Amino acid sequence: MSEEKQPKSIDKASLELLEHAAARGLELAWDRYESVLPQCDFGVLGICCKTCMLGPCRIDPFGEGAKCGVCGATADVIAARNLARHAAAGAAAHSDHGRDVVRTLLLTGLGKAEGYQIKNVAKLRALAREFGISQDTKDLSRIAVEVAEVGLADFGRQEGVLRLVKRAPQPLQKKWEKLGVAPTGIDAEIVRVMHATNMGVDNDPIHVVRQMIRAALADGWGGSMYATDVSDVLFGGPQPIRSQVNLGVLRKDAVNVVVHGHEPSLSEMLVAAAQMPEVIKRAKQAGAEGIQLAGICCTANEILMRHGIPIAGNFLQQELALATGAVDAMVVDVQCVFPAAVQLAQQYHTRLISTSRKAAFHGVTHIEFDEEHALSSAQKILLAAIDAFKQRDPSKVRIPTQKEDLVAGFTVESIFSTLGGLYRPLFRPLNRGITDGRIRGVAGVVGCNTVKVTHDWGHVEMVRELIRNDVLVVQTGCSAIACAKAGLMRPEAAELAGQGLREICEAVGIAPVLHVGSCVDNSRILLACVEMVKEGGLGADLSDLPVAGAAPEWMSEKAIAIATYVAASGIFTVLAEPFPIMGSSQVRQYLTDGMEADFGGKLAFEKDPVKAAHLMIDHINKKRKALGLGEMLYQPAERARKVAVPAGSPGKVR
Amino acid sequence: MRTQKESTVVAVDLERCLSCRSCELACAKAHAGFRDIVEAILSGAHLVPRVRVVAAAGRGVPVQCQHCEDAPCVAVCPSGALYLDEATGHVLAREGRCIGCKACVIVCPFGAAEWDRVSGSVGKCDFCAGIIAAGEEPRCIAACPTRARRVIRVEDLSKRRQKEAAARTLALHEATAREPEK
């Protein structure tokens, strides 16, 4: 592999600020990456065990030295345990977020949540119906309380099976039951993994992996799904909505408030508070034209989907946003917030405001957010931002001009309302597009950014290759933000799609790449697949569908949980960075091969995004063939390499 | 005639060595032509390190070929497989010449010549010959996360030791010279 320096990003706004930051001597994630090199290969391979203090034990990957740890755990046991703990941590992050949203619904029903209301009555009623809650009463609050209580009980459930798991197709539920991976309680499954991976408990690597799968399923079909569904109830079901994305959405003349993190409860209230006349008046008194809210990471996706609030950037742009010198307050809650943001914000007037009782940052303003005083907290935060605006130094401000249009707001309910019309089945046009050979299949491309891959390049390169081959792409998280910045979420992007996909996009006026939300909203993708099966003509289980998943720039433990539940739901999933298990042939073999016989889905690891796209396309073709679908109507066009490719050789893996 | 311009050794600061064995892995990868550990493992290549972190009294001590000037392994090698490279001063092995007599294994005071059953020949540190020729550091050096391992020019080392000794001597002198005045 060549050691040539890879570009840090393909995004022009980011490159401009990277240069600016370097000139100002600011330290960014990319610099810190250089300073931690070389990274430990035992960690890469997952064969370092720190589970107990007989160790740390490391297995010789070359098979000559230590073949097992002091306790006798082999590389296979160690790698499986380590991975299971990562997945449990990821599932915990999504699920604790889900719990808080359900709790907000409870408090709203009880009339104790300041500022919140039930915005999506239809979805509340649908959940009540699903949970068998009587709707005789006209009192919506009562129904909200009962739905929330059922939901919260699922977190602490001690027996039986999670309610939302019953949404899966019957054959899939049967597979889970047979393998003993049908999740019981969300909390219990995470605790069980932590127990099973203790020193001297579960010592069969594949059994450990199955326990991990159960916890991951409790995330995908539990914690994350509750987060999505109940957020839709409280904050409204998203509808297709126009907005803009990239650092150029920040304004010289406005108080810029950047929300960064994951939970929508607070950001929803910030959206409300930013529209309050007295708040706007205060901003004007301070000399600003108004308040500009913008988001980073999944908080951004949540308020984009529901309110069209613009997105400042994705994960690796959090520091770049600060380096604009134009952010008056960065409001953070949980997950993916760099500890380094504190020092960087201190270089500017920027007020970093922590808000979660779960996440403290030393030396920042803490305005604790609780659901019972939500609107007041939001107001307080905005007033602090206005205060900071007065100290903004215009000579330090550097806002890139780049901002791109996008359409977001697609959900299972709204995704094809444009496609199907109000009174027709929503998924019929999609399924028909697939059976007719215009759409090859559907891919979910999701996940983070990583300094190991040129920023945004993995996402954009993969997605362009997929749509060129008539694969409709649905996206969440920072992957969605990457492709939105590259212009792929504008209806005009249809011209980059293959002829068949292009015809459908142009007929309905949608982009070939659809934004379906935040990382907990990957549950929307699962449910969209369920609807495709229900619609008929594409098999009886998710594993029959011509679909695939990918995370081309993943880095978080949450991604490990997601990839695991997606694959265990029957969907072939490609990851760029390998899971840290490659030192175990048994675990590697199971995840990349053996799993398929059990679940119908499996994982693959491929760092080249175009090669990865073709693994997905091959898989989709295989499924099309198994379904007896005919040839595609059109051959894919020649590959045009103009937008996404950074200068230099192929294989831009840092 | 030696054409060598300088003598280099790998020196390890034992205070900084955390026994992480990164040098071992980097060495094995380098000699199989890999940088990425996952690619190396998946390739099925024969991976053998030529540096070892050896446990001694509860600590880890990296041990490897010292590239001796009057190298016993070179002296006993009957096939001419091992030789002292005149240009670099490094003890190298000619591929394919080893007859497997293991004499070098017997005489090496550092255990740095290791018999490799799989390849049927003796393997030893080559100071990453090809890699340093391309202008890079030896891989075990580049891989050390605490920079405990360094390539040091012996001439520089002597100079540094001389300076340290001079400073010590002076300090001792001043301490003893001042006392009688009181």
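So here's what we get for this one:
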{"read-out": "Most to least packed among B:165-171, A:616-622, B:113-119 [average Cβ atoms within 10 Å]", "value": "A:616-622, B:113-119, B:165-171"}
{"read-out": "Rounded to whole Hz, the Karplus (6.51, -1.76, 1.60) HN-Hα couplings of the stretch B:83-93, x for glycine and proline", "value": "8, 8, 6, 5, 6, 10, x, 9, 8, 10, 10"}
{"read-out": "Alpha-carbon centroids, the stretch A:507-579 and the stretch A:83-121: separation in whole Å", "value": "22 Å"}
{"read-out": "Separation between Cα centres of the stretch A:248-287 and the stretch A:603-620, rounded to whole Å", "value": "41 Å"}
{"read-out": "Amide H partners (placed H, <5 Å) of A:Ser9, local residues excluded", "value": "A:His455"}
{"read-out": "Cα-based shape type of the stretch A:67-141, given that a ≥ b ≥ c are square roots of the gyration tensor eigenvalues and the cut on a/c is 1.5", "value": "prolate"}
{"read-out": "Counting all C-alpha pairs of the stretch A:406-626, share separated by more than 22 Å (%)", "value": "44 percent"}
{"read-out": "3J(HN,Hα) from dihedral phi, the stretch A:165-176, Karplus parametrisation 6.51/-1.76/1.60, rounded to Hz, x for glycine, proline", "value": "4, 5, 6, 5, x, 3, x, 5, 4, 5, 4, 4"}
{"read-out": "Among B:121-129, B:141-149, the order from most to least packed when residues are scored by Cβ within 10 Å on average", "value": "B:121-129, B:141-149"}
{"read-out": "For the stretch B:85-182: rounded, prolate or oblate by the Cα gyration tensor [a/c cutoff 1.5]", "value": "prolate"}
{"read-out": "Average beta-carbon neighbours from other chains, 10 Å sphere, peptide B:144-152", "value": "1"}
{"read-out": "Ascending count of other beta-carbon atoms within 10 Å, so fewest first, for A:Tyr590, A:Tyr226, A:Tyr634", "value": "A:Tyr634, A:Tyr590, A:Tyr226"}
{"read-out": "Of A:Lys50/A:Lys178; A:Lys123/A:Lys534; A:Lys534/A:Lys623; A:Lys534/A:Lys611, pairs whose Cα-Cα distance is over 22 Å", "value": "A:Lys50/A:Lys178; A:Lys534/A:Lys611"}
{"read-out": "Residues whose placed amide H lies under 5 Å from that of A:Ser518, excluding near-sequence neighbours", "value": "A:Gly477"}
{"read-out": "Kirkwood Rh in Å, taken over chain B so that all alpha-carbon pairs contribute", "value": "18.5 Å"}
{"read-out": "Whichever aspartates and glutamates have a C-alpha closer than 18 Å to that of A:Lys485, once near sequence neighbours (fewer than 8 apart) are set aside", "value": "A:Asp11, A:Glu16, A:Glu302, A:Glu319, A:Glu404, A:Asp405, A:Asp456, A:Glu461, A:Glu465, A:Glu495, A:Glu553"}
{"read-out": "Sequence-distant lysines (8 or more away, or on other chains) whose Cα lies within less than 27 Å of B:Lys159", "value": "B:Lys5"}
{"read-out": "Highest to lowest packing among A:122-128, A:66-72, scored as the average C-beta count within 10 Å", "value": "A:122-128, A:66-72"}
{"read-out": "Fewest-first sequence of B:Cys17, B:Cys23 by Cβ atoms within 10 Å of each Cβ", "value": "B:Cys17, B:Cys23"}
{"read-out": "Residues B:Arg178, A:Arg490, sorted so that the one with the fewest Cβ neighbours within 10 Å comes first", "value": "B:Arg178, A:Arg490"}
{"read-out": "Hits among lysines - C-alpha to C-alpha of A:Lys380 under 17 Å, sequence gap 8 or more where chains match", "value": "A:Lys281, A:Lys284, A:Lys390"}
{"read-out": "Partner chain coverage, peptide B:22-28 - average Cβ within 10 angstrom", "value": "4"}
{"read-out": "Taking all pairs of distinct alpha-carbon atoms in the protein assembly as shown, Kirkwood radius in angstrom", "value": "29.3 Å"}
{"read-out": "Global geometry of the stretch A:247-396, whether rounded, prolate or oblate, following the gyration tensor of its Cα atoms and the 1.5 cut on a/c", "value": "rounded"}
{"read-out": "Sequence-distant residues sharing a close amide H with A:Gly295 (under 5 Å, placed H)", "value": "A:Val259, A:Ile311, A:Ala312, A:Gly313"}
{"read-out": "The stretch B:4-15 - phi-based ³J(HN,Hα) in whole Hz, Karplus 6.51/-1.76/1.60, Gly and Pro as x", "value": "5, 8, 8, 10, 10, 9, 8, 10, 10, 8, 5, 5"}
{"read-out": "Centre separation in Å (Cα based) which lies between the stretch B:141-182 and the stretch B:44-71", "value": "27 Å"}
{"read-out": "Number of partner chain Cβ atoms within 10 Å, mean per residue of A:34-41", "value": "5"}
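Every number here is computed from the coordinates shown, using simple stated rules; none is lab data. Since the model is a prediction, treat every value here as computed from it, not as a measurement. We place every Cβ from the backbone using ideal geometry, glycine too, and count neighbours over all the protein chains shown.
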